[in-house]
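The values are calculated or read from the model by the stated rules, or taken from the named source; none is laboratory data. Since the structure is predicted, the reported quantities are computational estimates derived from the model, not experimental observations. As a convention, Cβ positions derive from the backbone with ideal geometry for all residues, glycine included, and neighbour counts pool all protein chains shown.
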Amino acid sequence: MNARRAVRWTLQHGLARRVLTRAARQGDPQALLIMDADTRAHPYALHDTVRAAGPLLRGRLSWVSTNHAACKEVLRSDDFRTGPPETPLSGLVARLAEWSAGQHVLHPVEPPSLLAVDGEQHARYRRLVSRVFSARAVEALRGDVTHTAGRLLDELAASTTSEVDLVERYATLLPLTVISDILGVPEADRPQVLTFGAGAAPSLDVGLSWSEFSHVDTSLRAFDAWLGTHLQRLRENPGTDLLSQLVVATDDGRRLSEDELRATAGLLLAAGFETTVNLIGSGTELLLRHPDQLARLRAEPERWGNAVEEVLRHESPVQVTARVAVRDTSVQGVAVRKGHLVATMLAGANRDPAVFTDPHVFDVDRANAREHLSFSAGRHFCLGAALARIEGEVGLRALFERFPDLALAPGAQRRPTRVLRGWERLPVRLGTLVG
Ligand code: HEM
């Protein structure tokens, strides 16, 4: 066992795991949502219980909220920041933490990731990449997304088996191909990138077991090394892709450092497919379980855009994010002390009856579906939202038009991740083919 890694696991996950295991036994809602697979599979009743207790509830690790107004207030407030909570480590533990950190490796929720920095540093990174992901720039990619979806569906149609895993064959490949094209990832490297992404996905979670943590750590290191090689290749042979532009882009005359480049490129690439796969997987499963809703979309295809918002609301691909109070403050009248952490349960906020009538009902015609918080809110609002919306709309519509008899087959399996929610495997029967 690598000693540095073991100490890191103990400090970052092992201790929290012990506390959470005990708290889950005592019925603490936050601990149950993190530690209990059955609760995670059906979290919505517990979200309702948390909401009934008030805008914020004190969980074992942090404040928790499933109240829409409270979550939105926290996410938009200058009284809160992203990044890890301050842990006032004592002398020996602080030295152990420093020693175990070793050489810096990219991590999606540690600086200099966009997700973990604020203020001018965040604004600078965001300015550099946001032009490419503006709603207008992304709308111009609709044709490319349609083309990619069509090609993947052709491959599905050519399958020798009538039953396939939709996640493996379509829901993952569509966003992976689109973001890889945008970022100039060569075709030959894409299977490898997929493996890094899957291995690193639990890095967003707390309370990982030793083996989960080891796998995540190995995947992040391999991903980091690959990014270094990829960026070097683009420096030597620049293309027209976003990363080639980012390598030489300046803001106030300054380029991104190697660390900043790897963090930004890694986040764009991983966030580009690890989240959207869940939108397409959950959307497929929900529509196949609600044929009346699917029939409405077939009759009036212009409703597809709203249907995607409703899928995002009903099954938030990112279940939760968190913020730390930078000063003593209050949220919807509840006092929060400086340094305290608030877990904003986006999935719970999306089912707040104060905002959404009959929130547990899946309704593609819901007029205010777009008020969901699945893309967060405030300064860190998802940079890829416009792209994800197009991928969801084009991807789901093309799938159901090409395979009108598509049906669920036995063997569906949820992803084990806590923050990301979606299907690991979604076997479907393809049925008759159109076109
Ligand atoms: C259905 C698909 C997606 C969902 C549900 C989603 C969700 C989110 C959420 C909740 C956040 C903010 C987290 C926070 O506030 O702490 C976020 C941020 C981000 N997302 Fe997405 N995302 C999706 C697709 C994408 C895509 C396709 C890309 C890449 C092109 C992307 C790139 C990013 C980036 C770079 C950030 C960081 C923004 C910042 O911190 O300023 N996302 N996403």
The lone condition Asp78 fails out of (1) more than 17 Å from Asn350 (Cα to Cα); (2) modelled with pLDDT of 95 or more; (3) crowded, with 16+ Cβ neighbours inside 10 Å is (3)
Against the condition of a type in the set (Asp, Glu) and away from the ligand (no atom under 16 Å from the Cβ), how does Asp224 come out, does it pass? yes
Condition check: more than 12 Å from the ligand (Cβ to nearest atom), of a type outside the set (A, V, I, L, M, F, W, C), in contact (Cβ under 8 Å) with a residue 60 or more places away in the chain and at negative phi. Does Arg296 satisfy that? yes
Subset of the stretch 1-59, residues of a type in the set (Lys, Arg) and over 27 Å from Ser330 (Cβ atoms), comes to Arg4, Arg5, Arg8, Arg17, Arg18, Arg22, Arg25, Arg40
For the stretch 194-217, how many residues meet the condition of being among the hydrophobic types (A, V, I, L, M, F, W, C), closer than 17 Å to Glu110 by Cβ and in a helix (DSSP H, G or I)? 6
Given (1) outside any helix (DSSP H, G or I); (2) among the aromatic types (Phe, Trp, Tyr); (3) more than 25 Å from Leu115 (Cβ to Cβ), identify the lone condition not met by Phe375. (3)
Give the number of residues within the stretch 322-341 that are within 14 Å of His68 (Cβ to Cβ) and buried (at least 19 other Cβ atoms within 10 Å of the Cβ). 1
What's the number of the only condition in (1) modelled with pLDDT under 85; (2) part of a helix (DSSP H, G or I); (3) surrounded by fewer than 18 Cβ atoms within 10 Å (Cβ to Cβ) that Arg151 fails to meet? (1)
Report, by residue number, each residue of the stretch 361-388 that is within 16 Å of the chain's Cα centre (by Cα), more than 6 Å from the ligand (Cβ to nearest atom) and farther than 17 Å from Arg323 by Cβ. His372, Ala385, Ala386
Filter the stretch 269-286 for residues that are within 9 Å of the ligand (Cβ to nearest atom) and over 11 Å from the mean Cα position of the chain (by Cα) and give the result. Leu269, Ile280
It is to be established whether one or more residues within the stretch 182-193 are assigned to a helix (DSSP H, G or I), crowded, with 20+ Cβ neighbours inside 10 Å and not hydrophobic (A, V, I, L, M, F, W, C). no
So, of the residues in the stretch 328-360 that are within 16 Å of the ligand (Cβ to nearest atom) and of a type in the set (A, V, I, L, M), which turns out to be farthest from Val132 (Cα to Cα)? Val331
Counted residues, the stretch 38-70 - those being free of Cβ contacts under 8 Å to residues at least 40 places away in the same chain and of a type in the set (A, V, I, L, M, F, W, C): 5
Every residue from the stretch 413-435 that is out of contact with any helix residue (DSSP H, G or I) (no Cβ under 7 Å at 6 or more places or on another chain) and either free of Cβ contacts under 8 Å to residues at least 40 places away in the same chain or more than 20 Å from Leu204 (Cα to Cα) (or both): Gln413, Pro427, Arg429, Gly431, Thr432
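Suppose we filter Leu173, Leu231 for residues that are crowded, with 17+ Cβ neighbours inside 10 Å and touching a residue at least 24 places away in the same chain (Cβ under 8 Å); which single one remains?
From the options Leu173, Leu231, the qualifying one is Leu231.
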When the residues of the stretch 284-321 are filtered to those that are within 30 Å of Pro202 (Cβ to Cβ) and basic (Lys, Arg), which remaining residue is surrounded by the most Cβ atoms within 10 Å (Cβ to Cβ)? Arg313
Does the stretch 101-118 contain any residue that is within 25 Å of Val7 (Cα to Cα), away from the ligand (no atom under 11 Å from the Cβ) and part of a helix (DSSP H, G or I)? yes
Within the stretch 181-192, does at least one residue satisfy the condition of being away from the ligand (no atom under 13 Å from the Cβ), closer than 21 Å to Gln413 by Cα, under 21 Å from the mean Cα position of the chain (by Cα) and modelled with pLDDT of 95 or more? no
